[in-house]
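Visitor: Below are the structure tokens for one structure; questions will follow.
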Amino acid sequence: MDLGISGRRALVAASSSGLGLSAARALAEAGCSVAISGRDEGRLAEATANVPGSAAVVADVSTAAGAEALVADAITALGGVDILVTNAGGPPPGRFGDVTVQQYEDAVHLNLMSVVAMCKAAVPSMQQRRWGRVVAITSIAVREPIDQLILSNTARAGATAFLKTMSTEVAADGVTVNTLQPGYHATKRLHQVYGESLGDLAAEVPTRTVGDPDDFGRVCAFLCSESARFITGASIPVDGGSTRGLQ
């Protein structure tokens, strides 16, 4: 399927591995020039070697300044950014009684303020060009809070509210803004955490499987397509039916 975005310039944050890398790969397959980013230069080199035509950008999005610098460096590498996929690792687990106020602040910087900063740096030029796509990779925890992840639940919910609000303000300028809420996917990280218990994890999912990261990447690429131009402000779970709420 031709997504109609060949030649577009895409920045995918935190994309040297995991779901970010899958999104970068899908966008490259759709014909985009892609900036792949991460903190580890070795992993970045490996990732870009497997995504033809991609550019590596070393970045740390745990601060707003780092997120802004990422966009600036991607614009330099690609000549501009038409598609922005925001992404970041999650904060550490914890419950209300366990985590400190400082940890909340760190989580907000990582999973909320980095999104705000990247959008502030990238979206105005999309508005000027009358075309743009923003897709945020968040979590199903936004839809249904997960026990022991109070930091992620809090910060990512804030990012979702920000993106939903922004989507209504930039829609008339040809810029769509959506979020993807992944459930369990068979990334290296999930294998490291669950190992031989991955089958038990799959049994908890209505499809009785964990997700394929490449399928997730293709969903992300579709939201960036011309055919998806009437989808904006949406928060879409990609979770095999794990979340049970009606909306």
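Visitor: How big is the gap, in Å, between the Cα center of the range 218-247 and the Cα center of the range 27-82?
Guide: So the two Cα centres are separated by 23 Å.
Visitor: Report the extension gain between A72 and Q128 in nm, rounded to one decimal, defined as 0.36 nm multiplied by the number of residues separating them, less their alpha carbon distance.
Guide: Result for the pair: 18.5 nm of gain on full extension.
Visitor: Report the gain in length on full extension from E46 to T209: 0.36 nm times residue separation, minus Cα-Cα distance, nm rounded to one decimal.
Guide: Gain on extension, E46 to T209, equals 55.9 nm.
Visitor: Indicate the helices, whole DSSP H runs only, in the chain that combine a mean Kyte-Doolittle hydropathy of -1.0 or more with a Cα extent along their long axis of 15 angstrom or more.
Guide: Taking the DSSP H segments of the chain (at least 15 Å long, mean hydropathy at least -1.0), we get 18-29, 64-78, 114-129, 150-170, 213-223.
Visitor: Rank these for me by crowding, I75, I36, I146, going from fewest to most other beta carbons within 10 Å.
Guide: Least to most surrounded, the residues fall as I146, I75, I36.
Visitor: Where does each of S16, S62 land when they are ranked from fewest to most other beta-carbon atoms within 10 angstrom?
Guide: Taking fewest neighbouring Cβ atoms as first place, the list is S62, S16.
Visitor: For the pair Q148 and E105, how long in nm is the line joining their label points, each one 7 Å along Cα→Cβ?
Guide: Taking the two extended label points, one gets 2.7 nm.
Visitor: In nm, to one decimal, how far is the modelled label at I236 from the one at A171, with both set 7 Å along Cα→Cβ?
Guide: 1.6 nm
Visitor: Between K164 and R244, what is 0.36 nm times their sequence separation minus the Cα-Cα distance? Round to one decimal in nm.
Guide: Stretched fully, the K164-R244 segment lengthens by 26.7 nm.
Visitor: With an 8 Å cut-off on Cα pairs and a minimum separation of 6 or more residues, tell me the relative contact order of the range 102-214 in percent.
Guide: It rounds to 28 percent for the range 102-214.
Visitor: Exposure proxy check: K164, K188 ranked by fewest other beta carbons within 10 Å?
Guide: K188, K164
Visitor: Order of 236-242, 79-85 by packing, highest average Cβ count within 10 Å first?
Guide: Answer by packing, highest mean first, reads 79-85, 236-242.
Visitor: Taking every DSSP beta bridge with both residues inside the chain, roughly what % is antiparallel (nearest 5)?
Guide: Close to 0 percent.
Visitor: Is the chain rounded, prolate or oblate when judged by the Cα gyration tensor, a ≥ b ≥ c being the square roots of its eigenvalues, rounded requiring a/c under 1.5 and prolate requiring a/b larger than b/c?
Guide: Judged from the Cα gyration tensor, the chain comes out rounded (a/c under 1.5).
Read-outs: derived from the displayed coordinates by stated rules, not from any lab. Given the structure is predicted, the values throughout are model-derived calculations rather than measurements. Cβ atoms come from the backbone with ideal geometry, glycine included; neighbour counts cover every protein chain shown.
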